[in-house]
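Chemist: Pasting a structure below so you can have a look.
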Amino acid sequence: MPEALSTVITRHPACPSTHASDVALPMHPAVGVAEPPVARRFFLAAIVLGLTGGALWGWLLLRQIAGAGSMTAPRLHDVNAHGHIQVSGWIGLFIMGFALQAFPRMWGTRLSMPHVAWAVLPLTLLGLACVAGGQWAAERSDLAVAAVVSGGVLQVIGGVLFLGVLAATYRAARRRPVPADGFIAMALVWFLIQAVAGPVHALRAMTAASPEALVDLVATWQGSLRTMQVHGMALFMILGVSLRIMPGMFGLRPIPAARGWTALGLLMLGVLASAVLPAAGRLSGSHALFAGLLPAWALIVTGAALIVLPWKPWQGFPRRDRSGKFIRAAWLWFAISMAMLLLFPVYQRVHGAPFSHAWAGAARHAITVGFVSLMILGVAARVVPSIRGWDPARLSSLRGAFVLVNAGCALRVVLQVLTDWNARAFDLIPLSAVLEFAGLAWWGASMARVLCARSVPAPVAAGAVGLHPSSPTVVRPGPDATVHDLVAFRPSVRPRLARFGLDTCCSADRRIRDIAAEQGIDPAVLVHALLHDDGPGRGTATDCCQGEARR
Ligand code: HEM
């Protein structure tokens, strides 16, 4: 029996029930020593990029826009460099970190080729710095094109390694696909497509033969690229992960498989059509193709609604947690952004301009900051403490960050649309970025504190939080208890979960019996190992299954 397992489960003199040494235990890949959270570096890098290349650079762009009184005042390459850092850095690195950390747990296995996974971050970071740096240096330095090409290659290599590690891990899990897997697989397909298309589009924009050719290129392809990045990669990943972890995290009803697969089909059709039709319409000159955009967006809304509506995000979730408000607000912003897209033709008719950059940009900001970023803030507010063994209930509610980001996003969306009607709206628009920056920095500091902490704060005993082991709200930890029940019964379990490849977000609703079956051990032994911190050199005596450690 490997060292890790024997140190975790040994005979405890005070507890007569069965122990590892009584039972021959086949080794399961998920059991082992607590691995350093691979996500930590990805999350920290994403936070730094989201604050700098995202909100701060965004603020500088808004100051230019306010100064010139025009939404198109900043250089296209600067805007797209900001966009590249946000899509590949802020969103992309969060997706990568979360996937490498949580997917093996969600699939009941261990990460394959962890040494390869460690190479993904430096490759991706260097790549996106070169691409964004090259875009910023366009028409300013002869090295710009070379930077974008080499950066693009590095990013694609990093992306392919990332996908290779996930594919090997999924294969090792030998599992029957469920809708959540379908969504995640499609999100990763969009991830790879945009990882190639992003730098290629940047290169073509930087080498366009004339300003007219540049405008034509942007009008034909940029919208499709954004659709693949946001409605493809980000939305599919959010729906896939939500299907898997929201029921356990918030006590929500699991979505039936048939409904999940139907939603996936509708969303794939909708996103594919809304990515292809604009480019096909411009290239073929057939404007009829643009008419297909409305039904395509309607398919996206229907597909997402099939999954989200049963969870009633307009009311509080059954299981309360500080992350809940972020996730509910994110779905509200998704609805606002999709409504703006569906109303676009009406708005254009009322406004009378052939294309409103203000309305299109506002709808995009509602989905990139309102939906995707708030979703990241919410999921991370739960995941980061749980991968570090901290109790989220003992951390700040982050209400201030929540209010600032929502207020900033609302101000941006409303003022940006108003710029189509009153030029004075430009004056206040940079303030929106200040609020968003402050909110993101508040949340980012709280995440960094937990991610960089050297130790886990001492857990609160069940009694201390008024939860007596025999209280009716606490389920006695038997084989049919879930990980969530075990933690509610004895918070000191939390830091020990990682040793068994578990945590309180992806494994919250998993039953001990199922986990033990997967790991090939007796459920009672697993309950004991989780409830009793009797690893070597701990020198504690536990009162088996009856309560907290006595010194
Ligand atoms: C947090 C605060 C942010 C600020 C202040 C900000 C600001 C801006 C500004 C001023 C523009 C150019 C004007 C326009 O097209 O509307 C822009 C464009 C863009 N932003 Fe942001 N942004 C922020 C966050 C984000 C986030 C989180 C994303 C995530 C993906 C993002 C992605 C983009 C993209 C892709 C574009 C280019 C749009 C295009 O294709 O034309 N931004 N942003």
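Chemist: Take the conditions open to solvent by less than 20 Å² (accessible area, probe 1.4 Å), hydrophobic (A, V, I, L, M, F, W, C), in a helix (DSSP H, G or I) and touching a helix residue (DSSP H, G or I) at 6+ places or on another chain (Cβ under 9 Å) and apply them to ALA102. Does it pass?
Modeler: On the way: open to solvent by less than 20 Å² (accessible area, probe 1.4 Å): yes; hydrophobic (A, V, I, L, M, F, W, C): yes; in a helix (DSSP H, G or I): yes; touching a helix residue (DSSP H, G or I) at 6+ places or on another chain (Cβ under 9 Å): yes.
So ALA102 passes the test.
Chemist: For segment 113-142, which positions are at pLDDT 95 or above and open to solvent by 30 Å² or more (accessible area, probe 1.4 Å)?
Modeler: Listed by number, the residues that qualify are PRO122, LEU123, LEU125, LEU126, ALA129, CYS130, GLY133, TRP136.
Chemist: Going residue by residue through segment 202-217, is there one that turns out to be within 29 Å of the chain's Cα centre (by Cα) and either without any contact (Cβ under 8 Å) to a residue 60 or more places away in the chain or under 18 Å from PHE344 (Cβ atoms) (or both)? So that I can check it myself, show each step before the final result.
Modeler: Let us first name the residues in segment 202-217 that are within 29 Å of the chain's Cα centre (by Cα), namely 202-203.
Adding the requirement that they be either without any contact (Cβ under 8 Å) to a residue 60 or more places away in the chain or under 18 Å from PHE344 (Cβ atoms) (or both) leaves 203.
Among the residues of segment 202-217, at least one is within 29 Å of the chain's Cα centre (by Cα) and either without any contact (Cβ under 8 Å) to a residue 60 or more places away in the chain or under 18 Å from PHE344 (Cβ atoms) (or both), which makes the answer yes.
Chemist: Here is a further query. Considering only residues that are of a type in the set (S, T, N, Q) and under 11 Å from ILE367 (Cβ atoms), which ones fall in segment 321-347? Before the answer, list the steps.
Modeler: So the first thing to find is which residues in segment 321-347 are of a type in the set (S, T, N, Q), and the list is 323, 337.
Matches in segment 321-347: SER337 only.
Chemist: Does segment 296-319 contain at least one residue that is open to solvent by 10 Å² or more (accessible area, probe 1.4 Å), in contact with a Gly (Cβ under 8 Å, 6 or more places away or on another chain) and of a type in the set (Gly, Ala, Ser)?
Modeler: yes
Chemist: Kindly list the number of the only condition in (1) at pLDDT 95 or above; (2) out of contact with any Gly (no Cβ under 8 Å at 6 or more places or on another chain); (3) surrounded by fewer than 21 Cβ atoms within 10 Å (Cβ to Cβ); (4) not β-branched (Val, Ile, Thr) that fails for ALA273.
Modeler: Answer for ALA273: the failing condition is (2).
Chemist: Follow-up. Going through segment 200-212 one residue at a time, which ones are assigned to a helix (DSSP H, G or I), touching a helix residue (DSSP H, G or I) at 6+ places or on another chain (Cβ under 9 Å) and more than 13 Å from the ligand (Cβ to nearest atom)? Walk me through how you get there before you give the answer.
Modeler: Keep residues of segment 200-212 that are assigned to a helix (DSSP H, G or I), which gives 200-206, 211-212.
Subsequent filtering for residues that are touching a helix residue (DSSP H, G or I) at 6+ places or on another chain (Cβ under 9 Å) retains 200-206.
Across segment 200-212, the qualifying residues are VAL200, LEU203, ARG204, MET206.
Chemist: Only one of (1) within 28 Å of ARG105 (Cβ to Cβ); (2) part of a helix (DSSP H, G or I) fails for ALA132. Which number is that?
Modeler: So ALA132 meets the others, but not (1).
Chemist: Report whether or not ARG174 is at positive phi, basic (Lys, Arg) and surrounded by fewer than 21 Cβ atoms within 10 Å (Cβ to Cβ). Talk me through it step by step, then tell me what you get.
Modeler: Working: at positive phi: yes; basic (Lys, Arg): yes; surrounded by fewer than 21 Cβ atoms within 10 Å (Cβ to Cβ): yes.
Yes; evaluated as a whole, the condition is true for this residue.
Chemist: While we're on this one: Which residue pairs have Cβ atoms closer than 6 Å, lie 6 or more positions apart in sequence or on different chains, and pair a first residue in segment 155-172 that is under 17 Å from TRP118 (Cβ atoms) with a second residue that is at pLDDT 95 or above and surrounded by fewer than 21 Cβ atoms within 10 Å (Cβ to Cβ)?
Modeler: Close Cβ pairs satisfying both conditions: ILE157/LEU123; GLY158/LEU123; GLY159/LEU192.
The values are calculated or read from the model by the stated rules, or taken from the named source; none is laboratory data. Because the structure is a prediction, the values reported are computed rather than measured. As a convention, Cβ positions derive from the backbone with ideal geometry for all residues, glycine included, and neighbour counts pool all protein chains shown. Please note that ligands, DNA and RNA were not included when accessible areas were found on the heavy atoms of the full protein model with its side chains. Shrake-Rupley method; radii C 1.70, N 1.55, O 1.52, S 1.80 Å.
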